[in-house]
Amino acid sequence: MMTNSASQNPAAAGTPAGVPRRAFLRYTGASVALTGLLLAGCDDDSDDVDANLLDVGTGDEGILNYAYALEQLEAAFYAQIKNGTYYKGLPANSAEKQILDDLALHEQAHVNFFKAALGNKAIKELEPDFSQINFNDKGSVLTNAQAFEDLGVAAYNGAGRFIASPTNLALAGKIVSVEARHAALIRDLRQYNSFVASDVVDVFTPTSATSAPGAGSGTGKEKSKRPQEVLATANQFLKSGSKLSATSFS
């Protein structure tokens, strides 16, 4: 669940001194190729199902609009960070600033990709509401950045089961791999080595040091969330008229 308080003060939010620019770019996979999206057979409309909510639609088109909506929210968040005194106060060559800059570029690239691929089937541009976030405070920014990134990864993982086209599923897999790298970096900015914490990964625990290989509990897989659960959180950061539903996916 996203944290909304501006008083968040993570225990360890220092800049990772060992993350130089080039290593970070390799780590994030900034040049993921996204081509060949298939929308054949999708409905042509994405009308509101609920008078107060914008429904993402059905089929692959609905899932792609769902992803487009979440990417819009993330891109708007990183753009807003740059207006706050926390970001403005970062040294120009610091790894922390370079990470935030690159994440902003990646998320905007995802938005542009989905908008172009969906064409006139895309939902409208959403209006975010970040009034609950203090962009002048490092703790508030990084806490919410982690929450947005974790939510995005869980959303892609939970939506894969609804994608019919193998091509679209493969493309979603490429994007979620980048989002997972974002989440790992933000988590390490807040607390080193927390990128595989049990709140996001079903951590595998061996039965004992002497047990047979594979004996233990936990799958070692990233946790996922269904669209309705994701949107219940995302809608907290969208203005009235931009809040979403995904009635076809449960």
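Scanning the stretch 119-142 for residues that are in contact with a Ser or Thr (Cβ under 9 Å, 6 or more places away or on another chain) and of a type in the set (A, V, I, L, M, F, W, C) turns up ALA122, ILE123, LEU126, ILE133, PHE135. Among the residues of the stretch 214-250, those identified as part of a loop (DSSP other than H, G, I, E, B), modelled with pLDDT under 60 and not hydrophobic (A, V, I, L, M, F, W, C) are GLY214, GLY218, THR219, GLY220, LYS221.
In the stretch 118-129, the count of residues that are more than 16 Å from the chain's Cα centre (by Cα) and closer than 22 Å to GLN191 by Cβ is zero. Taking the stretch 74-87 as the range and being among the aromatic types (Phe, Trp, Tyr) and out of contact with any strand residue (DSSP E or B) (no Cβ under 8 Å at 6 or more places or on another chain) as the test, the residues that pass are TYR78, TYR86, TYR87.
So, restricting to helices (runs of 4 or more DSSP H) that lie completely within the stretch 88-198, which ones have at least 3 residues that are in contact (Cβ under 8 Å) with a residue 60 or more places away in the chain, crowded, with 19+ Cβ neighbours inside 10 Å and touching a strand residue (DSSP E or B) at 6+ places or on another chain (Cβ under 9 Å)?
Working: elements: 95-118, 138-159, 166-190.
Of the helices (runs of 4 or more DSSP H) lying wholly inside the stretch 88-198, those with at least 3 residues that are in contact (Cβ under 8 Å) with a residue 60 or more places away in the chain, crowded, with 19+ Cβ neighbours inside 10 Å and touching a strand residue (DSSP E or B) at 6+ places or on another chain (Cβ under 9 Å) span 138-159.
For the stretch 54-78, a residue qualifies if it is hydrophobic (A, V, I, L, M, F, W, C) and in contact with a Pro (Cβ under 9 Å, 6 or more places away or on another chain), and the qualifying residues are VAL56, ILE63, LEU73, ALA76, PHE77.
In the set (1) of a type outside the set (Asp, Glu); (2) under 9 Å from the mean Cα position of the chain (by Cα); (3) farther than 22 Å from PRO128 by Cβ, LEU169 fails one condition alone, (2).
The values are calculated or read from the model by the stated rules, or taken from the named source; none is laboratory data. Computed from a predicted model, the values in this text were never measured in an experiment. All Cβ positions, glycine included, derive from the backbone under ideal geometry; neighbour counts span all protein chains shown.
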